[in-house]
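Below is one structure; the comments refer to it alone.
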Amino acid sequence: MKLNPSQNSRKYIFVILAFLWFHTVSAQVQPSLGGSSRIMNSAMEQMENGDYEKANASFRKIIDSNLPIPPEMPYYFAETLYHLEQFDNSANFLNKYLELNGFKGDNYEKAKALEKLLENHLNAIKACGLCDRRGYRYQECFTCEGTKHLEQDCNYCKAKGIVGCSKCVGSGLITRRNVFNIIEYFECERCEGHGRLTCPTCEGSKLETSACRTCQGSGHLQSDKICDHKEEPRHLSQVFNRLKPH
């Protein structure tokens, strides 16, 4: 049976639409790795040149761009972070690589070797009291200078030295009903009718010695410096400054 021209046109349009639908669905199911692969190749060249800072920026560009992640990228990123001494981050990406690829990954043997190298560094971080769990060294709190506590405005009375009487709610008077159910007013015996009391925390001085609010009483703050796990010698001028009365 022969098809008339209009039927031929409809058949042709149907085939074209089917073709476009198939390629659209295929593109959604199997996203192209072209863009991320080009960036990764550039990052690997930067690694070969020893420029791990640039390689780090390139790998992060892939992550931030929401492009498909090449399966071997987590390993190369972990290696880059290792050379930048970001050992905690390196371990995170290495674990992700082994989780996703297992022993089938192209860099499986290198990944296991890197895992052993990281173990010593991670153990040193855990045993160190000079840095956080990621290996970044603490810096001394600039407010309390590491003492953890200092004299500061009383937080309880907001540096006023007085607080409202809770018994009379600051009115200075309390009420009672007598036997005739009549309300009578009396002077508050707790605050002697003033409605205010001396702050029990600072005793009216408006100051209190308490945990430093800048460092939350830890004596240190976070920094972006990689820790070498060695105590820094304190300069004599710092010791003298500590001894000076404030």
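The values are calculated or read from the model by the stated rules, or taken from the named source; none is laboratory data. Just so you know, these numbers come straight off a predicted model, no measurement behind them. So basically every Cβ, Gly included, is an ideal-geometry build from the backbone, and we count neighbours across all protein chains shown.
Which one of these is under 30 Å from Gly135 (Cβ atoms), surrounded by 14 or more Cβ atoms within 10 Å (Cβ to Cβ) and modelled with pLDDT of 85 or more: Leu221, Leu197, Leu207? Full working, then the answer.
Numbers: Leu197 fails: under 30 Å from Gly135 (Cβ atoms); Leu207 fails: under 30 Å from Gly135 (Cβ atoms).
Matching residue, one of Leu221, Leu197, Leu207: Leu221.
The residues listed here are Cys131, Cys144, Cys168; of these, the one that is under 20 Å from Leu81 (Cα atoms), surrounded by 12 or more Cβ atoms within 10 Å (Cβ to Cβ), out of contact with any helix residue (DSSP H, G or I) (no Cβ under 6 Å at 6 or more places or on another chain) and not basic (Lys, Arg) is Cys131.
Evaluation of Leu150 against the conditions (1) loosely packed, with under 14 Cβ neighbours inside 10 Å; (2) assigned to a strand (DSSP E or B) shows that the sole unmet condition is (1). If the condition is being over 21 Å from the mean Cα position of the chain (by Cα), crowded, with 18+ Cβ neighbours inside 10 Å and of a type outside the set (Ser, Thr, Tyr), then the range 49-61 contributes only Ala55.
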